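In what follows, a single structure is set out as structure tokens and then discussed.
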Amino acid sequence: MSTDTKRRLFLKGTLASGVVALAAGAGLINPRQVLAAWPKSAFEAKSVSEAMKGIAGTDTAAGNDKITIKAPDIAENGAVVPVKVDATKISGVDSIAIIAEKNPTPLIANFKMGKSTHAFVSTRIKMGKTSNVIAVVSAGGSVSTARKEVKVTIGGCGG
């Protein structure tokens with residue numbers, strides 16, 4: 001890496017840090033917004049049941065055909081599996097979580113939705129082996145799920 005490149009990276013980092021500090025100092029953002037509470041026990045859970053209890057308060061949820069999961073039927077590489085969850089047909093969605101059933105720690109992500117947010121998320125996940133990808137949607141105090149099996153040919157979680 002050249003000296004000019006290192007200098008640019010340093011200046012970008014300094015500028016970004018300065019902007020965040022200025023916004024915090026002006027009261028535009030507060031530490032609670034930046035460092036929001038997260039369900040640590042759910043992300044450390046070793047089973048789907050424990051993860052669901054940690055994020056939704058229950059491990060039972062009805063299936064819902066208004067939730068759509070788009071993921072490949074066969075993932076050539078489990079280290080990078082594209083997943084999209086669409087729950088826009090459900091009103092008042094509070095959160096969308098993505099679980100990979102047979103991963104050592106199944107909870108992959110938990111997205112909190114704002115009141116005027118479209119209930120749609122897109123990300124790439126890591127899967128250790130063939131299993132179900134489960135979308136858990138919380139809306140108006142109820143919890144519903146959808147599942148899609150993804151076959152993994154090369155594992156991404158140490159496989």
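The values are calculated or read from the model by the stated rules, or taken from the named source; none is laboratory data. Model, not experiment: these values are computed from the prediction. All Cβ positions, glycine included, derive from the backbone under ideal geometry; neighbour counts span all protein chains shown.
Filter the stretch 139-149 for residues that are part of a strand (DSSP E or B) and either farther than 15 Å from Phe120 by Cβ or not assigned by TED's automatic domain parsing to the domain that holds Arg124 (or both) and give the result.
Ser142, Val143, Ser144, Thr145, Arg147, Lys148, Glu149
Tell me which residues, restricted to the stretch 65-98, are under 15 Å from Thr145 (Cβ atoms), out of contact with any helix residue (DSSP H, G or I) (no Cβ under 6 Å at 6 or more places or on another chain) and of a type outside the set (D, E, K, R).
Ile67, Thr68, Ile69, Ala71, Val83, Val85, Ala87, Ile90, Val93, Ser95, Ile96, Ile98, listed by residue number.
Identify, from the list Asp65, Asp59, Asp94, the residue that is surrounded by 12 or more Cβ atoms within 10 Å (Cβ to Cβ) and in a loop (DSSP other than H, G, I, E, B).
Only one candidate passes the filter, namely Asp59.
Count, please, the residues in the stretch 112-121 that happen to be at pLDDT below 95 and surrounded by fewer than 17 Cβ atoms within 10 Å (Cβ to Cβ). Give the derivation first.
As a first pass, look at the stretch 112-121 and keep what is at pLDDT below 95: 112-119.
Among the residues that remain, those that are also surrounded by fewer than 17 Cβ atoms within 10 Å (Cβ to Cβ) are: 112, 114-118.
So the answer is 6.
Just checking, how many residues over the stretch 17-56 are at pLDDT below 60, under 18 Å from the mean Cα position of the chain (by Cα) and in a loop (DSSP other than H, G, I, E, B)?
Final tally of qualifying residues: 2.
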